[in-house]
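Read through the structure below, which is laid out as structure tokens, and then see the notes.
Read-outs: derived from the displayed coordinates by stated rules, not from any lab. In this text, all values refer to a predicted model and were calculated from it rather than measured experimentally. As a convention, Cβ positions derive from the backbone with ideal geometry for all residues, glycine included, and neighbour counts pool all protein chains shown.
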Amino acid sequence: MKTLYIVRHAKSSWDYPHLSDKDRPLNKRGERDAPKMGKRLSNKGIFPDLMLSSPANRALTTCKTIARALDYPLDGIEINDRLYHASEDSLLDIVNDTDDTWLSLMLFGHNPGFTDFANSLTDEDLDNIPTCGVFACTFDVDSWQAVDFGNGRLLFFDYPKKKVS
């Protein structure tokens, strides 16, 4: 069994037009939502074996914030350039390239690729993974290479504005 967590970066700021897209920071809402989602994941008992992040500042900041909430070592975060605005096919390649010693994988990156990828993995039909949203699914496989479009099962879908019961 393999578990995949797809985490879209928290809300980013457009206040610095001189910055490149990769360098944009989180805005106030993003700075509030990332720890909130980290706490929710911790409360669910989510502790991923491996965290991979896009090199974009907003994605890496989200990743580090959630890692702190989950007591995941910051030096264990791997930056993967292929996650920056990746297509669903590229995302599947990244997952398929994951070492099988890891049972759970958490990816941090961007839309529209993340929403397209989540919809392709399961029979869910999401309009959008909102900023700082987490889409989790499981695969009844022993190898990440066996993960493919259509063979995932939704575990949960959570996002900052979702009411928690």
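Data table
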read-out	value
Share antiparallel - DSSP beta bridges, the chain, percent rounded to 5	50 percent
At most 12 other Cβ within 10 Å, DSSP loop - chymotrypsin sites (Phe, Trp or Tyr not before Pro), the range 13-121	14
Ellipsoid semi-axes in whole angstrom, largest first, where each is sqrt(5λ) of the Cα gyration tensor of the chain	23, 17, 16
Helix-only [θ]222 nm of the chain, DSSP H runs n ≥ 4, -39500 (n - 2.57) each, per residue, nearest 500	-9000 deg cm²/dmol
Partner aspartates and glutamates for residue 44 [C-alpha distance under 13 Å; skip if fewer than 8 residues away on the same chain]	158
For the chain: relative contact order, % (alpha-carbon pairs under 8 angstrom, 6 or more apart)	31 percent
Per residue convex hull volume, Cα atoms of the range 99-165, in Å³	103 Å³
Inter-part distance where the range 116-165 and the range 1-41 are each reduced to a Cα centre, Å	18 Å
Residue order, fewest to most beta carbons within 10 Å, for 85, 110, 18	18, 85, 110
Set of lysines near residue 28 by C-alpha distance (under 22 Å), chain-local residues within fewer than 8 positions excluded	11, 36, 39, 64, 161, 162, 163
